[in-house]
1. Of all the residues that make up region 57-83, how many are more than 21 Å from residue 164 (Cβ to Cβ) and surrounded by fewer than 19 Cβ atoms within 10 Å (Cβ to Cβ)?
2. Which count do you get for residues in region 59-118 that are of a type in the set (S, T, N, Q) and assigned to a helix (DSSP H, G or I)?
3. Can you name the residue in region 1-34 that is at pLDDT 80 or above and polar (S, T, N, Q) and, of all such residues, is least open to solvent (accessible area, probe 1.4 Å)?
4. Return yes or no: is residue 32 of a type in the set (S, T, N, Q), free of Cβ contacts under 8 Å to residues at least 12 places away in the same chain and closer than 29 Å to residue 180 by Cα?
5. Can you name the residue in region 181-210 that is assigned to a helix (DSSP H, G or I) and open to solvent by less than 30 Å² (accessible area, probe 1.4 Å) and, of all such residues, is nearest to residue 56 (Cα to Cα)?
6. Among the residues of region 84-101, how many are hydrophobic (A, V, I, L, M, F, W, C) and surrounded by 22 or more Cβ atoms within 10 Å (Cβ to Cβ)?
7. Go through (1) out of contact with any Cys (no Cβ under 9 Å at 6 or more places or on another chain); (2) more than 18 Å from residue 194 (Cβ to Cβ) one by one and return the number of the condition residue 144 breaks.
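The values are calculated or read from the model by the stated rules, or taken from the named source; none is laboratory data. The model shown is predicted, which means the values in this text are computed figures rather than measured ones. Methodologically, a virtual Cβ is constructed for each residue, glycine included, from the backbone with ideal geometry; neighbour enumeration extends over all protein chains shown. Just so you know, the surface numbers come from the protein's heavy atoms only, side chains and all, with ligands and any DNA or RNA stripped out. Shrake-Rupley method; radii C 1.70, N 1.55, O 1.52, S 1.80 Å.
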Amino acid sequence: MSRFFEVVRRDLRLALRQGSDSLMVVTFFVLTVVLFPFGIGPEVGILERVSAGVLWVTALLASMLSLDRLFQADYEDGSLELLVLTPTSLMVVVMGKVLAHWLTTGLPLLVAAPILAVLLHMNSDGFTVLMLTMLLGTPVLSLIGAIGAALVLGARRGGVLVSLLILPLYVPVLIFGVGAIDAAVQGLSAEPHLLILGAMLAACLPLAPWATSAALRQALE
């Protein structure tokens, strides 16, 4: 566990020192959502109806912006090879890097989402469920994204390739995230959608680091 927290602290320190990735993710999220009322009109009914979809699609796209840098910097300076050679399990290292990625991208999206939901006139019944879906869904995005980032490590145009690889895997998260909010707004139970999101997170926690570790070893061979 000490090694896990060392990796988290290291990546957080590097992310805060650079700051560009986290700022780019939040800025993209905010600006894209703000543009929607200009594009589809200021009608409250229309904005309320599309608010859940707009927030989730934008959050999904924003989370992909920094994925190609998840392992790339360590790969280029040789740090990744040293991490692989350490006695610590590579899965622990991967989990630490994924957590740091979520803290610098997913968490800011989680904080910004309710503010933007007000801008889109989301029904107040959907606010709590919006936060719950973001809390369950954004870690899944980071875990799945880590697999894609590891698979394209060292490839040219890695950012484009990782998007093509993981977008189909992001679709279930999008469907059940939006579905939970819509159910809450319509007075129905959002519990089935939240349980499925929770099951996705529970499945990704052990499987995604294992798959990512295998992809990293393959990239370094």
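1. As a first pass, look at region 57-83 and keep what is more than 21 Å from residue 164 (Cβ to Cβ): 73-74, 76-83.
From the residues that got through so far, the ones that are surrounded by fewer than 19 Cβ atoms within 10 Å (Cβ to Cβ) too are 73, 76-79, 81-82.
Going through region 57-83 one residue at a time, the tally reaches 7.
2. Looking only at that region, the number is 5.
3. 32
4. no
5. Filtering region 181-210 down to residues assigned to a helix (DSSP H, G or I) leaves 181-185, 191-210.
From the residues that got through so far, the ones that are open to solvent by less than 30 Å² (accessible area, probe 1.4 Å) too are 181, 183-184, 197-198, 204, 208-209.
On the way: 181: 10, 183: 15, 184: 15, 197: 13, 198: 16, 204: 19, 208: 22, 209: 24 Å.
Out of the qualifying residues, it is 181.
6. The number of residues fulfilling the criteria is 4.
7. For residue 144, the failing item is (1).
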